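Beneath this line is the structure, given in structure tokens, with notes to follow.
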Amino acid sequence: MDNSLQVENTKSTYEIVGVKFNDTSKSYYFDPDGLKIPEGAHVIVDTMHGPEFGTVTISNKTVNESELVLPLKKVIRVATDDDEVVNAENKAKEAEAFDICLSKIADNELDMKLVAAEYTFDRSKLLFYFTSDGRVDFRKLVKDLATVFKTRIELRQIGIRDETKLIGGLGLCGRPFCCKSFLNDFAQVSIKMAKEQNLSLNSQKISGACGRLMCCLRYEHEVYEEALSQLPKIDSLVETPDGKGVVCDLTPLSGIIKVKFKFNDDEIIKIYSKEDIKILSKPQKEEKEPEMVEEE
């Protein structure tokens with residue numbers, strides 16, 4: 001009797017290429033199917049919606065199976081001149097479809113804002129993205145559009161953040177919106193993040209064009225959290241070289257602490273570094289954490 005163990009031969013790494021379908025989408029992994037494809041090349045790939053035109057953002061590389069969602073769809077071919085023509089025609093037709101849909105929305109008196117129109121590569125489906133404050137009965141609109149375009153119509157309601165991501169623009173910093181430029185997903189952002197960074201809590205100063213808190217508030221959040229964990233909280237009683245006082249302000253990154261002293265009826269504020277401070281007691285009432293603002 002053979003008692004030797006039979007080890008199943010499983011594949012633990014895969015060759016992939018990363019492909020984006022538009023400027024605002026994230027990169028998806030595809031099986032290059034033996035093709036060597038440089039970054040920036042246009043390709044036709046197999047997707048759940050059929051063949052799609054995309055741009056390679058990651059050239060051939062090997063990744064671990066744990067990083068993938070299997071099975072991988074394949075790259076059908078590097079885009080030909082004919083494919084480039086079809087893609088350009090689709091973009092032109094999308095602009096035309098957008099205007100027609102706007103007209104149909106007005107005809108049906110629907111309370112919705114059209115954001116974008118998008119054809120699949122083979123034009124088997126035409127998608128319209130819109131925003132609205134509530135639910136919209138667009139069944140008649142879909143029938144009207146199907147009559148005009150003779151293809152499958154799909155309407156997708158999106159949130160205000162997604163609308164801003166699709167349209168793009170310039171932020172308060174003067175640079176293109178992060179969501180349009182490089183952010184693939186919307187992370188949670190809260191007023192607490194602005195407060196920890198000593199930013200103004202004026203909503204106009206910390207909100208993006210979408211009306212929600214700016215995504216960049218999160219970029220340095222972990223650094224500030226780490227810095228604040230090494231400092232006393234506001235209203236803590238501390239021992240300083242000049243005696244006991246109460247913390248009234250913090251500058252987290254530089255480790256600067258402002259301490260308030262009471263002398264008779266006067267108040268004096270002095271500045272110390274964190275090395276000169278010893279915490280005697282924490283504030284009696286911990287401040288309630290602000291609620292997180294979730295992505296839509």
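Just the residues that are of a type in the set (Ser, Thr, Tyr) and in contact (Cβ under 8 Å) with a residue 24 or more places away in the chain, please, taken from region 119-156.
Residues satisfying the conditions are Tyr119, Thr120, Ser124, Tyr129, Thr131, Ser132, Thr151.
Is at least one residue of region 192-205 modelled with pLDDT of 90 or more and hydrophobic (A, V, I, L, M, F, W, C)?
The answer is yes, given that some residue of region 192-205 is modelled with pLDDT of 90 or more and hydrophobic (A, V, I, L, M, F, W, C).
Which of the residues belonging to region 20-72 are within 19 Å of Asn90 (Cα to Cα) and polar (S, T, N, Q)?
Once the filter is applied, which keeps residues that are within 19 Å of Asn90 (Cα to Cα) and polar (S, T, N, Q), region 20-72 yields Asn22, Thr24, Ser25, Thr47, Thr55.
For region 1-120, which fully contained strands (runs of 3 or more DSSP E) count at least 1 residues that are of a type in the set (Gly, Ala, Ser) and more than 26 Å from Ile160 (Cα to Cα)?
Answer list for region 1-120: 13-20, 50-64.
Which condition from (1) out of contact with any helix residue (DSSP H, G or I) (no Cβ under 6 Å at 6 or more places or on another chain); (2) more than 29 Å from Lys260 (Cα to Cα) is the one that Val189 breaks?
(1)
Could you pull out every one of the helices (runs of 4 or more DSSP H) wholly within region 126-216 that has 1 or more residues that are within 21 Å of the chain's Cα centre (by Cα)?
Those helices (runs of 4 or more DSSP H) span 160-167, 178-181, 191-196, 203-206.
Those residues that are out of contact with any Ser or Thr (no Cβ under 6 Å at 6 or more places or on another chain) and buried (at least 16 other Cβ atoms within 10 Å of the Cβ), I need them from region 241-257; list them, please.
Selection gives Gly245, Val246, Leu250, Pro252, Ile257.
Would a scan of region 257-264 turn up a residue that is outside any helix (DSSP H, G or I), touching a helix residue (DSSP H, G or I) at 6+ places or on another chain (Cβ under 9 Å) and within 25 Å of Met193 (Cα to Cα)?
Checked region 257-264: at least one residue is outside any helix (DSSP H, G or I), touching a helix residue (DSSP H, G or I) at 6+ places or on another chain (Cβ under 9 Å) and within 25 Å of Met193 (Cα to Cα).
The values are calculated or read from the model by the stated rules, or taken from the named source; none is laboratory data. Because the structure is predicted, anything quoted here is derived from the model rather than measured. Every residue, glycine among them, receives a Cβ derived from its backbone with ideal geometry; neighbour counts consider all protein chains shown.
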